[in-house]
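Trainee: Quick one: this structure, given as structure tokens, is what I'll be asking you about.
The values are calculated or read from the model by the stated rules, or taken from the named source; none is laboratory data. Bear in mind the structure is a predicted one, so any value in this text is a computation, not a measurement. A quick note on method: Cβ atoms are made from the backbone with ideal geometry, for glycine too, and the neighbour counts reach across all protein chains shown. Heavy atoms of the whole protein, side chains included, go into the accessibility calculation; ligands, DNA and RNA do not. Shrake-Rupley method; radii C 1.70, N 1.55, O 1.52, S 1.80 Å.
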Amino acid sequence: MARMLESRTKSGLVKGWRAALLAAAALGTLSCNAFRLTAGPDEAAQVNPPGSVSVTVEYEQIVECVAGSPRCEDNVVFFGSWMTTGQEFFLTKQPGRYVWRGTALSVPVNYPPKNPTSQPYLVRIYDPHIVGGPTGGITADRLKVGGEAIVRFDQPGTPYESGLVYIDDNGQGHTPY
């Protein structure tokens, strides 16, 4: 009787181990193939946001204050179309000169243009010396962004005047074609 019991226990253990091994092999096979795709890429493409750079801004202010400009001692302010409200910043006047400078931080790179519909940035200055003029103090004239003198304008001579510029991954400006 003891032999019979021992034989049953051993055969039960063998059968248990076989069943466990078969189950493990089946799970291993299932898990390897469960995630295999039959068509398409193995992973989704990673979103790659454009790089951003710091860009030097320089503005040459006219010396005289235009008649009708009540606050000529105010600071010059820079605006760029990549900025959100509140990100505009004051430029710093260079000692003994009418040149104002500053650095725009975290400017997204947009040069070279990725496709024919890529747009250059719109840039402008608020200059308190010309508030009494036709643009109400807004201008892109005499402005350099990333070392590039602004020569292309949107709505020149109006309160909506802006200069057009692309920015490369070195922080250099480029005039649109």
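Trainee: Residue-wise, which Karplus ³J(HN,Hα) couplings in Hz belong to region 131-141, taking 6.51 cos²θ - 1.76 cosθ + 1.60, θ = phi - 60°, and x for glycine or proline?
Mentor: Going residue by residue, I get 4, x, x, x, 8, x, x, 9, 7, 10, 6 Hz, with x marking Gly and Pro.
Trainee: May I pose another question? What net charge do the residues around residue 79 carry, taking every other residue with its C-beta under 9 Å from that of residue 79, with Lys and Arg at +1 and Asp and Glu at -1?
Mentor: On the way: positive: 124; negative: 88.
So the environment of residue 79 carries a net charge of 0.
Trainee: Which semi-axis lengths, in whole Å and largest first, follow from the square roots of five times the eigenvalues of the Cα gyration tensor of region 49-177?
Mentor: On the way: eigenvalues 133, 48, 29 Å².
Semi-axes, largest first: 26, 16, 12 Å.
Trainee: Expressed as a whole percentage, what fraction of the accessible surface of region 80-124 belongs to carbon and sulfur atoms when a 1.4 Å probe is rolled over the protein heavy atoms? Each step should come with its number before you reach the end.
Mentor: Numbers: 1580 of 2910 Å².
Exposed carbon and sulfur together represent 54 percent of the surface.
Trainee: To continue, here is another question. Per residue, how much accessible area does region 129-177 have with a 1.4 Å probe, in Å²? Write down the numbers at each step before the final one.
Mentor: Numbers: 2270 Å² over 49 residues.
I get 46 Å² per residue for this part.
Trainee: Rounded, prolate or oblate, given the Cα gyration tensor of region 68-126, with a/c below 1.5 counting as rounded? Intermediate values should be presented prior to the final figure.
Mentor: Values: a/c = 2.61, a/b = 2.19, b/c = 1.19.
Prolate, because a/c is 1.5 or more and a/b exceeds b/c.
Trainee: Can you classify region 103-177 as rounded, prolate or oblate using the Cα gyration tensor, where a ≥ b ≥ c are the square roots of its eigenvalues, rounded means a/c under 1.5, and otherwise it's prolate if a/b beats b/c and oblate if not? Don't jump to the answer; show the numbers that get you there.
Mentor: Numbers: a/c = 2.64, a/b = 1.80, b/c = 1.47.
It is prolate, given that a/c is not under 1.5 and a/b is the larger ratio.
Trainee: According to the square roots a ≥ b ≥ c of the eigenvalues of the Cα gyration tensor, what is the shape class of region 94-145, taking rounded for a/c under 1.5, prolate for a/b larger than b/c otherwise, and oblate for the remainder? Before the final figure, lay out the partial values.
Mentor: Numbers: a/c = 3.42, a/b = 1.69, b/c = 2.02.
Since a/c reaches 1.5 but b/c is at least a/b, the shape of region 94-145 is classed as oblate.
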